[in-house]
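Chemist: Handing you this structure, nothing more for now.
What follows draws every value from the coordinates through simple rules; no lab data is involved. Quick caveat: nothing in here was measured; it's all calculated off a predicted structure. Ideal geometry is used to build each Cβ from the backbone, glycine not excepted, and the neighbour counts take in all protein chains shown.
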Amino acid sequence: MAHLVIIGNGITGITTARHVRKRADLQITVISAETEYFYSRPALMYIYMGHMRYQDIKPYEDWFWQKNRIDLIRSYVTAIDTDSKTVHLETGRSLAYDKLVIATGSQSNKFGWPGQDLPGVQGLYGMQDLELMQRDTAGINRAVVVGGGLIGVEMAEMLCSRKIPVTFLVREKFYWDNILPEGEASLVARHVRSHGIDLRLQTELQEILPGKNGRVRAVVTNKGEEINCEFVGLTAGVHPNIQVVKNSKIAFGKGVLVDEYFETNIADIYAAGDCAEIKATAAGEKNRLEQLWYTGRLQAMALAKTLGGERTKYERGVWFNSAKFFDIEYQTYGLVSNEPRAGERSFYWEHAQGQRCLRIVYEAESGAVIGFNLLGMRFRHEVCDYWIREKRAIDEVMENLREANFAPEFFKTFEPEILAAYQRQNPNKRLQLKHRRNFFEQIFPKGFSRGASTNPATLSARP
Amino acid sequence: MALLQIQPLSALGHDDTGHDLTALSWAKKISLGSFGLGLLLLLVCATGVAKSNPLLFLILSLGLMVVGAVAYFIVASREAAPGIKNNHLFTNAMTSRGAIAWVTGILITGFYIILYWTPGLLEHWIRLVDPLSFLIVGQPADQWFLYGTFYTLAVLVMGLRMILVKYRHNNYHIARTLSIMFFQLGFAFLIPSLLKRLNQPDFYFSYFWPLKYNYLFPNDVHALISHPGRLGVFMVFWGAMMTLIATPILTYLFGKRWYCSWVCGCGGLANTLGDPWRHLSDKSLGAWKIERWMIHAVLVFITVTTALLWINSATSGHILGSISNALGKIYGFLIGAIFSGVIGVGFYPLMGARVWCRFGCPMAAILGMLQKYFSRFRITTNGGQCMSCGNCSTYCEMGIDVRWYAERGQNIIRASCVGCGICSAVCPRGVLKLENGSRKGRYNLTLDDALIEH
């Protein structure tokens, strides 16, 4: 039986293993130095906050792996010998493989700040980081979080749950403004501040200062201010973790270089997930890194098909992502850039209380919708995916907004208000909200409204 | 890269954080002080000191407790922003099977044992609620009036916690909690009390066979029918109609939740008093297997018992003699008293609040079968947005591994789901939505993922 070895037991490695198991009768071994079992990385924060324990963030019970004949090895891979098709483990053991998947994920960025390696300074990526954070935040008076992305706000929320005062340094003018347009970014910033976080925009970390005990004592900002703290969270993004290929014949750039089939330059070796850098296929395009939970899973599903004997090109489908900023949920579908691009228009609605908003980006000429941003509201993935994929016009989307509503029952809905806002911006249009439900239909809903007026095929980006 | 020394993972979340996470504001301390004082007074009343003036002691003891609790909720809602705040549930001794939880479990269990088998020990408490009983029932209290008072107060006060604090941002939970408070206060407390006052049969219009198993036992049916006046006949009709007609129709339309999370008093107590312990349910596959055997065994037990009682009754006891009566008594003792009462509520702090509903309730078994095969209800998963964090599974009081379905983009249709809606509320990605809709495509097994062995 051919032997498939997977390095890394994150979402990419494990999804690959599970899907290959369904498709092919290979011997499957997953190697991880981090934890014995697969767990949900985005859920690490909930352990710190006491919402869950380690066993609760493991999606599968421990018997699952043996039952599905997926062998787990807890060790660190020190080298890959591509000639003899062998991986060498820290324990001295070697494993022969027929096919190898590198799914080693990523590592927190550090930008050479003085003091970045002091005790009490860390990123948040894996289980060891969480343990370190548990230890190093015990009894402290202030923490500083650096970097205006998703992990930064998570870390701020974690610290907040333990009543640790947090100063949050964000280099940009708005929170996460390389992704979020100004409206959304300001909304999030207001909300973060409402939780007592000392959010400093346009403020950069200059230096981290040690105290007499050799641990972090303070940070200095680019404005010359010194902020006393006993813990610094560095959350300025991540980069591919490719240590394991550096001394091998496997080609790498920022990440392990792969084609659209996740094949590396060496036959029978693949890489996927955060650690993979997908080579551009057309002139003018750039290589891409996709470092999300969702893309890790989607990539693994495509790769598993290939490994199962059905060589499959990775086609991601319509982009989507989601997050939560303290109490405000965020969803995005399609492409919404922070600055409007040429030929695009954008409709933005924000609720009077400033806790929810909707942005729809569309092509100026055809009106075809390109992307949705939502804060404090839930839309149906299927419906947005369909609208974007089928290039439905903004007017049609506005009239059919109720189709997308995914708010829980009894929640207030905002479609009339949103449509009214759109009408005010487009006074020459006469639009009518559809799918109003009368009393009878509320009791006997048809449910499951899918795309606008026709029935779409299945989701292109279905998990 | 050198690996860090890894501590046992089970220790995670149980370290001493060094922060005073339970620090209380003065407003909270005063509220709790009032509650504690009332509780102390209540305990003292068990010695009989209230005999001279039960009304005064009743108002002081229960009044201080209720006022203290409600004040605490109001303060708590002002001190924290609305939203899901399950912080430190797994490090708090009361909610993570710590010492306080064990003591609380033993106290509640003990109360039930005394209530069922040695109510004489509660004599002074029963006399304490006499003024209330005279007011509503027009006669002295008995142990069941005392129990009803405590039970209803627990649902009302802890229901306020749901509405004012914990889920105040969530209209589904507000509506659902108001409904269970209404049915407990009206249908399970005031109406039965008033019926008694009017010399009518003792009857709960919100409980049906097989949960209230004796409502279709021949003795009870005969007693109701032969009761003077027409109300007894109506009660028999109501009970039979609810069991045989309304239950299937309502479950078809809304799923099991119309009863388990909106009407039922057992579910009502679980979703109010029991809410802080909901995460303690066992999510393992093993527990699911036990659940399916147990709950259906109880259903078979009560169905057979009821059938035998009717055969016995029809043949005037010639065929089965005393066997059916004995079965009825055994069911009443084992299931009615020990399972649904002592274990069902007593073990809240250790096993979560839905132990009875999940493993024992024959009504839930019937509703579950209807829900699984004959209902428009399902929990819809929002495409691919699940990131497998596990909040939904952790906070499912019925021990359903919701995540298993959600991460596959699969609708959640499970016999045991009571539709409480907490999975949807705690999901940090807005992935889950409780829906009634067309039965077509309800089981959306579109993902080949569902084929993986498990």
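Chemist: If I model a spin label as a point 7 Å beyond the Cα along the Cα-Cβ vector, how far apart are those points for A:T312 and A:N338 in nm?
Modeler: Each label point is offset 7 Å from its Cα along the Cβ direction, giving 3.5 nm.
Chemist: Here's another thing I want to ask about it. Quick one: compute the contact order of region A:220-334, relative version, from alpha carbon pairs under 8 angstrom and 6+ residues apart, as a percent.
Modeler: 15 percent
Chemist: Ok, one more. Between B:H318 and B:K440, what length in nm is gained on full extension when 0.36 nm per residue of separation is reduced by their alpha carbon distance?
Modeler: 38.8 nm
Chemist: Continuing with this model, one more query. From a point 7 Å beyond the Cα of B:W310 in the direction of its Cβ, which residues of region B:321-335 have a backbone N at a distance under 17 Å?
Modeler: Once the point is set 7 Å along Cα→Cβ of B:W310, B:324-325, B:328 turn out to lie under 17 Å by backbone N, inside region B:321-335.
Chemist: What is the spin-label model distance, in nm, from B:A223 to B:N171 if the labels are put 7 Å beyond Cα along the C-beta direction?
Modeler: So the label points at B:A223 and B:N171 sit 4.5 nm apart.
Chemist: In chain A, what percentage of the DSSP-assigned beta bridges are antiparallel, given to the nearest 5? Walk me through the numbers on the way to the answer.
Modeler: Working: 48 of 81 bridges.
In chain A, DSSP labels about 60 percent of beta bridges as antiparallel.
Chemist: Still on this structure, please answer the following. Alpha carbon centre of region A:1-55 versus region B:123-198: separation in Å?
Modeler: Going from one Cα centre to the other spans 49 Å.
Chemist: Just counting partner chain Cβ atoms within 10 Å, what average do the residues of peptide B:386-398 show around their Cβ?
Modeler: Working: counts 7, 12, 14, 14, 12, 7, 0, 4, 8, 3, 0, 0, 0.
For this peptide, the per-residue mean of nearby foreign Cβ atoms is 6.
Chemist: As an exercise, use a Förster radius of 60 Å and the Cβ-Cβ distance of A:N428 and B:L121 to find the FRET efficiency, rounded to the nearest 0.05. Spell out each step's value before the answer.
Modeler: Working: r = 80 Å, r/R0 = 1.34.
Calculated value: 0.15.
Chemist: Further, regarding this structure: How shielded is A:423-430 by partner chains, expressed as the average number of their Cβ atoms within 10 Å of its Cβ atoms? Display every interim value, and only then the final one.
Modeler: On the way: counts 0, 0, 0, 0, 0, 0, 0, 0.
That works out to 0 on average.
Chemist: Additional query: Applying the Karplus parametrisation 6.51 cos²θ - 1.76 cosθ + 1.60 with θ = phi - 60° to the phi angles of region A:282-295, what ³J(HN,Hα) value in whole Hz is obtained for each residue in order, glycine and proline being reported as x?
Modeler: 3J(HN,Hα) across region A:282-295, in whole Hz: 10, 4, x, 7, 10, 4, 10, 10, 10, 10, 10, 4, 5, 5.
Chemist: Among B:26-38, B:60-72, how do they line up from the highest to the lowest mean number of other beta-carbon atoms within 10 Å?
Modeler: Details: B:26-38: 16.2, B:60-72: 19.2.
Most protected by this proxy first, the peptides run B:60-72, B:26-38.
Chemist: Same structure, new question: If I stretch the segment between B:V233 and B:V300 completely, what's the gain in nm (0.36 nm per residue apart, minus their alpha carbon distance), one decimal?
Modeler: 21.4 nm
Chemist: Related question: Just checking chain B: which Cys have no other cysteine's beta-carbon under 4.7 Å?
Modeler: Taking the Cβ cut-off of 4.7 Å, the unpaired cysteines of chain B are B:C45, B:C260, B:C264, B:C266, B:C357, B:C361, B:C386, B:C389, B:C396, B:C417, B:C420, B:C427.
Chemist: Additional query: Label region A:11-143 by shape, choosing from rounded, prolate and oblate, from the square roots a ≥ b ≥ c of the eigenvalues of the Cα gyration tensor; if a/c is under 1.5 it is rounded, and otherwise prolate applies when a/b is larger than b/c, oblate when it is not.
Modeler: Oblate is the answer for region A:11-143, as a/c is 1.5 or above yet b/c matches or exceeds a/b.
Chemist: Starting from the Cα gyration tensor of region B:328-443, take the square roots of the eigenvalues, sort them a ≥ b ≥ c, and report rounded, prolate or oblate (rounded when a/c is under 1.5, otherwise prolate if a/b is larger than b/c, else oblate). Numbers along the way, then the final one.
Modeler: Values: a/c = 3.52, a/b = 1.66, b/c = 2.12.
Oblate is the answer for region B:328-443, as a/c is 1.5 or above yet b/c matches or exceeds a/b.
Chemist: What does the highest-first list of A:61-74, B:147-160 look like by mean Cβ count within 10 Å?
Modeler: B:147-160, A:61-74
Chemist: Could you work out the mean count of beta carbons from other protein chains within 10 Å of each residue's beta carbon in A:54-63?
Modeler: Working: counts 6, 6, 11, 7, 4, 10, 5, 6, 0, 4.
Rounded to a whole number, the mean comes out at 6.
Chemist: Pairs of Cα atoms under 8 Å, at least six residues apart: use those to get the relative contact order of region B:281-368, whole percent. Could the numbers behind the result be given before it?
Modeler: Working: 70 pairs, mean separation 35.9, N = 88.
Relative contact order of region B:281-368: 41 percent.
Chemist: For chain B, what does the helix formula give at 222 nm: sum of -39500 (n - 2.57) over DSSP H segments with n ≥ 4, over the residue count, nearest 500 deg cm²/dmol?
Modeler: -15000 deg cm²/dmol
Chemist: Here's a follow-up. Tabulate in residue order the Karplus-calculated ³J(HN,Hα) for region B:243-248, using 6.51 cos²θ - 1.76 cosθ + 1.60 with θ = phi - 60°, rounded to whole Hz; enter x for Gly and Pro.
Modeler: Karplus-based 3J(HN,Hα) across region B:243-248 equals 5, 8, 10, 5, 4, x Hz.
Chemist: Determine the equivalent ellipsoid of the protein assembly as shown by diagonalising the alpha-carbon gyration tensor, then write out the semi-axes as square roots of 5 times the eigenvalues, largest first, rounded to whole Å.
Modeler: They are 52, 32, 30 Å, listed largest first.
Chemist: Skipping prolines and chain starts, which residues have an amide H placed within reach, meaning under 5 Å, of the one on A:F379, given they are 5 or more residues away or on another chain?
Modeler: Under 5 Å from the amide H of A:F379: A:F406.
Chemist: Same structure again: Which shape class applies to region A:260-418: rounded if a/c is under 1.5, otherwise prolate when a/b exceeds b/c and oblate if not, where a ≥ b ≥ c are the square roots of the Cα gyration tensor eigenvalues?
Modeler: Details: a/c = 2.32, a/b = 1.86, b/c = 1.24.
Since a/c reaches 1.5 and a/b is larger than b/c, the shape of region A:260-418 is classed as prolate.
Chemist: Suppose R0 equals 41 Å. What FRET efficiency, 1/(1 + (r/R0)^6) with r the Cβ-Cβ distance, do B:R197 and B:I113 give to the nearest 0.05?
Modeler: FRET efficiency, B:R197 to B:I113: 0.85.
Chemist: Continuing with this model, one more query. Which distance in nm do the two modelled labels at B:A93 and A:Y261 give, with both placed 7 Å along the Cα-to-Cβ direction?
Modeler: 6.3 nm
Chemist: While we're on this one: If you rank B:K166, A:K412 by fewest surrounding Cβ atoms within 10 Å, what's the result?
Modeler: Going from least to most buried by this count: A:K412, B:K166.
Chemist: Shifting gears a bit: Based on the Cβ-Cβ distance of A:K286 and A:N141, what FRET efficiency does E = 1/(1 + (r/R0)^6) give at R0 = 35 Å, to the nearest 0.05? Kindly include the intermediate steps, with their values, before the conclusion.
Modeler: Working: r = 44 Å, r/R0 = 1.26.
According to the calculation, E is roughly 0.20.
Chemist: Relative contact order for chain B: what is it in percent, counting Cα pairs under 8 Å that are at least 6 residues apart? The partial results should precede the final answer.
Modeler: On the way: 654 pairs, mean separation 65.6, N = 454.
Value for chain B: 14 percent.
Chemist: Could you tell me which GluC sites (Glu not before Pro) in region A:275-320 are loop residues by DSSP with no more than 11 other beta carbons within 10 angstrom of their beta carbon?
Modeler: Qualifying residues, ordered by number: A:E285, A:E310, A:E315.
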